[in-house]
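Below: the structure, in structure tokens.
The values are calculated or read from the model by the stated rules, or taken from the named source; none is laboratory data. All values derive from a computational prediction rather than experimental measurement. Note that we place each Cβ from the backbone using ideal geometry, even for glycine, and neighbour counts take in every protein chain shown.
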Amino acid sequence: MHTLVIDTAYGSTVGIVGHEPIQEQNSRTHVERLQVDIAAACAQAGITPQDLDRIVVGTGPAPFTGLRAGIVTARAIAFATGAELLGQDDLEPCAAAMDAARRHDPQITTLLPAEATAAIDATATCTPLTLAVNDARRKQLYFALYSHTSGVPTTVIPMDIDYPEHIAIRVNHAIRDLQQHHPGTQYTIDIMGHGAHTYTQHWVALHNPGAILDLTALDLGATGLALFAHLAENRTTAQPVEPLYLRRPDVSVPNPLKHVLNHAPATKDAA
């Protein structure tokens with residue numbers, strides 16, 4: 001089976017599962033490069049788009065415009081080729097990758113920086129949680145908190161958008177709730193995703209922070225690409241192929257026009 005992964009939650013990542021992905025980090029040009037990179041990824045795998053059986057597309061959370069470009073492209077290719085189309089959010093794979101690292105999966109651990117593996121080893125006796133993040137700009141982060149049950153990420157705090165200092169407070173509240181139900185359990189919080197290093201000063205307030213990785217599962221090459229697709233393919237309920245923007249729209253309903261002297265309120269269609 002030939003599976004194409006397309007993700008534009010941060011720059012863009014395009015690849016055929018089983019092969020190294022093609023990544024564009026420049027958010028100003030990744031949309032224009034998308035078609036070229038898809039053609040290159042198919043050529044690298046020795047196939048054409050007509051050979052695709054499945055397309056897995058990242059649904060965010062991420063800024064809307066770039067995210068939408070990836071989803072529209074995936075839908076168009078699926079429509080043209082008849083390939084199955086699946087959505088996959090970008091935060092859950094971070095939790096899955098950190099869980100694999102905690103279980104010393106060599107396919108993951110060999111790809112992590114030394115300081116991350118050292119932090120994992122230092123907190124090996126604690127029950128791990130993963131705070132998965134993505135840069136939301138405007139000094140905010142998209143985030144979700146996961147625990148790990150039998151190798152499957154389980155949501156503790158659902159996806160949301162907030163300022164890093166508020167995220168730390170919310171995570172600590174969640175830890176206190178967990179400790180009430182599991183007295184004596186010691187937890188550690190790994191942070192993974194784009195933007196994790198940007199706000200390191202806020203993570204010191206977290207209850208027992210562990211490894212901090214400013215990358216996502218898709219930055220782990222062919223291994224991360226396979227992990228991303230595996231989560232989408234093996235869930236019991238398919239995720240909607242819709243962009244997870246999470247931020248409220250910037251536009252708002254305008255205020256009524258002002259009264260003029262003693263006249264009735266003006267209207268926009270008045271003569």
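Among the residues of the range 1-46, count how many are more than 17 Å from Asn134 (Cα to Cα) and surrounded by fewer than 16 Cβ atoms within 10 Å (Cβ to Cβ).
Residues flagged as more than 17 Å from Asn134 (Cα to Cα) and surrounded by fewer than 16 Cβ atoms within 10 Å (Cβ to Cβ) within the range 1-46 amount to 13.
Restricting attention to strands (runs of 3 or more DSSP E) lying wholly within the range 1-106, give those where 3 or more residues are closer than 18 Å to Leu220 by Cβ.
Hits in the range 1-106: 3-7, 12-16, 22-24.
Restricting the search to the range 137-153, which residues are touching a Pro at 6+ places or on another chain (Cβ under 7 Å) and aromatic (Phe, Trp, Tyr)?
Those that are touching a Pro at 6+ places or on another chain (Cβ under 7 Å) and aromatic (Phe, Trp, Tyr): Tyr142, Tyr146.
Based on this model, can you work out whether Asp121 counts as crowded, with 20+ Cβ neighbours inside 10 Å and not in a strand (DSSP E or B)?
Answer is no for this residue.
List the residue pairs whose Cβ atoms are under 8 Å apart, where the first residue sits in the range 80-92 and is under 14 Å from Ala132 (Cα atoms), the second is among the aliphatic types (A, V, I, L, M) and surrounded by fewer than 20 Cβ atoms within 10 Å (Cβ to Cβ), and the two are 6 or more positions apart or on different chains.
Asp89/Met159; Leu91/Met159
Tally up the residues in the range 140-165 that are outside any loop (DSSP other than H, G, I, E, B), loosely packed, with under 15 Cβ neighbours inside 10 Å and over 16 Å from the mean Cα position of the chain (by Cα), please.
Summing the residues that are outside any loop (DSSP other than H, G, I, E, B), loosely packed, with under 15 Cβ neighbours inside 10 Å and over 16 Å from the mean Cα position of the chain (by Cα) in the range 140-165 gives 2.
Take the residues in the range 61-106 that are in contact with a Phe, Trp or Tyr (Cβ under 7 Å, 6 or more places away or on another chain) and small (Gly, Ala, Ser); name whichever of them is surrounded by the fewest Cβ atoms within 10 Å (Cβ to Cβ).
Ala62
(1) out of contact with any helix residue (DSSP H, G or I) (no Cβ under 7 Å at 6 or more places or on another chain); (2) modelled with pLDDT of 95 or more; (3) more than 20 Å from Leu227 (Cα to Cα): which one isn't true of Thr73, the others all being true?
(1)
Any idea which of Thr29, Thr109 is of a type in the set (S, T, N, Q), over 15 Å from the mean Cα position of the chain (by Cα) and more than 30 Å from His148 (Cβ to Cβ)?
Selected residue: Thr29, the only one of Thr29, Thr109 that is of a type in the set (S, T, N, Q), over 15 Å from the mean Cα position of the chain (by Cα) and more than 30 Å from His148 (Cβ to Cβ).
Could you check the range 216-238 and list, in sequence order, the residues that are assigned to a loop (DSSP other than H, G, I, E, B) and either under 15 Å from Ala132 (Cα atoms) or aromatic (Phe, Trp, Tyr) (or both)?
Hit for the range 216-238 is Thr216, nothing else.
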